[in-house]
Structure formats: structure tokens, C-alpha cells
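Here's the structure, in C-alpha cells; my notes come after.
The values are calculated or read from the model by the stated rules, or taken from the named source; none is laboratory data. What you see is a predicted model; the values in this text were computed from it and never measured. Don't worry about glycine lacking a Cβ; one is built from the backbone with ideal geometry, like all the others, and counts go over all protein chains shown. Each accessible area value is taken on the protein alone, full model and side chains, heavy atoms only, with ligands, DNA and RNA left out. Shrake-Rupley method; radii C 1.70, N 1.55, O 1.52, S 1.80 Å.
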Amino acid sequence: MFDDDVRYRALSARDPRFDGHFFVAVTSTGVYCRPVCPARVPRRENCRFYPSAAAAEAHGYRPCLRCRPELAPGHASVDARGRLARAAAARLEAGPLDEGGLAALAVELGVTDRHLRRVFRDQYGVTPVAYAQTRRLLLAKQLLTDTRLPVTEVALAAGFGSLRRFNALFQQRYRLKPSSLRRRGARPTDTLTFLLAYRPPYPWAPLADFLGQRAIAGVEHLDGDVYRRTVALRRGERLHRGWLAVTPVAGKDQLRVTLSASLAAVVPEVLTRLRWLFDLDCQPEEVAGALGELAQGWPGLRVPGAFDGFEAAVRAVLGQQITVRAAQTLAGRVASRLGEPLDTPFPELTHTFPEAATVADADPEALGKLGILRARVGAIQALARACADGGLVLAPGAPVDATLERLRALPGIGDWTAQYLALRALSWPDAFPASDYGVLKALNERSPARARRRAEGWRPWRAYAVLHLWQRLADQSASQATGGAGR
């Protein structure tokens, strides 16, 4: 994207737009930093630049303790090769690979093992295995710094198979003992706290309002500037359940994340899903350049993703042809009827959303008694069966065209629902639900075909254009009703 002289100028200016795009290693100290590091800017001749933290570590540098490279925002790639590499990286960051390793991941992403390795090295400067090892070490460093988890639990949560291997690799790579990162005087608690960085600007209110208006009763809740939800993540045969809370940090380009201690074993996956949900890897400057005047009203506006793709899909099907509020009510009934109760410190959080297999195996008549039309029941259960069987993956990194095709082949799912799920569940930045009521109204169009033609100039960031169009309507009216769209 830019040469080393440009990188050095960005480092000298501590420009947050470049944070996460590269890392700078300093030969005189043996440390690598983010371009926003508050330390004194090193001499140009002492700087070496790398595309990833893993590449810097592969050349023998250790992470800075001031700017903390593990907090750097990631990339929202739109080109095919970049998106493939980012999808693989996100899967590696979410935790250890399942049986089959990288070869199985390549099959899941629809490419050959060899092609995945080649694309990954081009993007990050290291092999997937080296990248995964660095991410595990950086996560362990973050856990040691930000939590009071015992070192053994830190090693396991970060994906290390043994404490001995973790201690040896940590000391070899970082020349530190894990215990040296512990904050003095800190006491163990029953929660875990983390910081997630983003590139400014980041208007929190519109995204929080969007999630709050669609929050599923018992599962999600927006309390002022704090978004909370319950969590149920399956790792192997074990289901990990708990709760989380997210809120912006005043004066910093970060979100504070609080997790219940019961989620310690799945921290990598929880944090990865939160990056998707809050679109933390967005590159606002690139988006604004493509959208032009449309983006001026709300600079940095984010596309809300999905913490759980299946949950978002059920919510989308329920929202067909009804209002947002009505869909919210029905989703809450599904959670209460099929979800599992969960004890939390918050009276608004009472259940976890049911897994796909639970919904697929539910009695159709019981779902109908919740007020769901028969056709919607059939669509939801067909969707649930496809997800439960593994034929449909609703998460960033899934092949977009193939996933859209599978969605449209399901009963009761048309182009609007498929594109909406591409926008939210797949985090596809070029998704465009042209038939959406709000999109058509904001464009003053009646024809989805004409709306698509008008949106061509916004590629490859049409999903962000959709959010700006929705926000334009929200700004024009106090009412949040969406008529027939029911988003």
C-alpha cells in the first residue's frame, strides 16, 4: 500500500489511520511497536517495517510493553486474496483448529491448502502456523496483563497444550517470565476485562441504537452506553455459557469488554466475534473515499455485524414483512421457549439463544403457538437444519457467492434476506439489499434494479452505503418503524 518512507512519516505523526496496517521494529532495542506508540520516535535507519506482528516476531523482535501490539485493529479486506487471508487469520485467532488442521480449514474456505498458504504468506509475511503461534503468545500476554487468571488457565485459554511449552516459548520469544507481566496489587475477580482498539472516527451511538432496537429479550440489552448479552459457544463436546458487556472508553479509540469468568476457555473466539459485531477492523478513510458525500453526515459509521450468525438469521426471517419491534418480540419468545436459562448479575439477561440443532428439532406446532406464521416456522427450521448439519456457515470468511446461493435455495429466503445476512452475518462490506424499504425510500426509488445501478459507484463498500441511507432516514424521523422491511 505504501513504501517505508511513508510508513516512517506515519510513525512520526503517530497517525491512527495506519494502526494495524504495519508494525515497526527497532534494531537498537529489539522491540516492535504499533505506529501509534507513545515512545520516542526512533531514528529512520534503526527502523524495520513488517506487515504483521507475526512477521516482526519471526525476525527476532519482541512486542512493546507500552503500545501493546496485541491491541492493534485488524483489516477489513475486500479483494478476494486479502479476504481469504483475513478469513484464515480470523479462524486462527478464534482458537485452535479442529481435527484436520490447516488442510481442513482450506476445504472450509473453498481453496486448496497450497493456495491458502501462498495467499497467507503474501498478506502477513509468515506461514499460517507461525501466525497462529504469535497470536497465541500475544493473547496470553493480554490475558496476563489484563486479567488475574492463573498462568495455567492463561496458557490453556490461549491455545497452548501444556504449561511447560507455554513458559518455554514465552521466555524464548519475549525474554520475560509470564509472571513479570502481572500488575502489582491487583486482586482476582469473577470477571475478565479486555480492550479492543479501532481506527477513528467511531460513532458509537448509531451502532448501539441499531443493536438496542433489535435486542432479543433475555439475550441482549442496551443500558445507556453499555451493550450486554449472553453467550453460548460450543468447543468440541462442551458448551461454554456466560455473559459479556461492551462499552466505549472515554478519550481513547478503544472498547472495554467485560466477560464472565465462565468464558475464560473461549476468550479468543469471543473477542473475535466482538470485532465482527462492532466492525472494529473497518478502515474509515477508504470507506469515506468511496462513498463521498453520502458519508459526510456520519463519518466513520460502522456496519453492525453479528455475534452469532444463526441467531441473526433467525431474527432476519422473523422480521420479514413485519416491523422491527414485532420481530424483536417474536425473537424473544423463541429464546424464552427454546433457549437455556442462565444466571447473570443482570435481570435483563436470562437465557442463551438456542443452538441450531435445538431449533431444527423443535415441535413446529410449539413454534407456531409463539405467534410465528407456519411459512416462517418452515423457513426457520430449514435454515436451522442447514446450519446444524454444517452445510451452511454464517460467519465472516464463508464464501459469499456460495453462501448466498445456499440461502436463496432455502424455503422462505429471498434476495433481501440473503443480502441482509451477507451484510451482518458474513460481514461482507459490499452487500446491498436493494429491495430494502429503507434503502429505496432514502434513494427515492421504487425499483430495486435502479437502486442497484445507483449503488455501483459505492463499490466495494455498498454495505456502508446502506447504513448511511438507513441513518439518513433515522435522522429525518423520530419513528424507527421500517414498514415492510422489518430489519
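Worth a mention:
- Qualifying residue in the stretch 339-346 (condition: of a type in the set (Ser, Thr, Tyr), part of a helix (DSSP H, G or I) and touching a residue at least 24 places away in the same chain (Cβ under 8 Å)): no
- Top-ranked residue of the stretch 243-266 - restricted to ones that are in contact (Cβ under 8 Å) with a residue 60 or more places away in the chain and in contact with a helix residue (DSSP H, G or I) (Cβ under 7 Å, 6 or more places away or on another chain), ranked as nearest to Phe210 (Cα to Cα): Val257
- Those helices (runs of 4 or more DSSP H) of the stretch 35-128 in which 2 or more residues are of a type in the set (D, E, K, R), at pLDDT 95 or above and open to solvent by 20 Å² or more (accessible area, probe 1.4 Å) are absent.
- Residues satisfying the stated conditions in the stretch 395-416, i.e. modelled with pLDDT under 95, of a type in the set (Gly, Ala, Ser) and part of a helix (DSSP H, G or I): Ala402
- Meets criteria (in contact (Cβ under 8 Å) with a residue 12 or more places away in the chain and either on the phi > 0 side of the Ramachandran plot or surrounded by fewer than 22 Cβ atoms within 10 Å (Cβ to Cβ) (or both)) for Leu138: no
- Residue list for the stretch 145-167, restricted to those being surrounded by fewer than 22 Cβ atoms within 10 Å (Cβ to Cβ), in contact with a Leu (Cβ under 6 Å, 6 or more places away or on another chain) and within 20 Å of Pro73 (Cα to Cα): Thr145
- Test: Arg376 is under 18 Å from Val334 (Cβ atoms), in a helix (DSSP H, G or I) and open to solvent by 30 Å² or more (accessible area, probe 1.4 Å): yes
- Listed by first and then second residue, the pairs with beta-carbon distance under 6 Å, at least 6 apart or on different chains, first residue in the stretch 404-417 and farther than 11 Å from Ala379 by Cβ, second assigned to a loop (DSSP other than H, G, I, E, B), are Arg406/Leu392; Trp416/Pro433; Trp416/Ser435.
- Members of the stretch 296-316 that are open to solvent by less than 20 Å² (accessible area, probe 1.4 Å), closer than 19 Å to Glu285 by Cα and over 13 Å from the mean Cα position of the chain (by Cα): Gly300, Leu301
- Residue satisfying condition, being more than 30 Å from Gly319 (Cα to Cα), out of contact with any His (no Cβ under 7 Å at 6 or more places or on another chain) and part of a helix (DSSP H, G or I), within set Leu169, Leu207: Leu169
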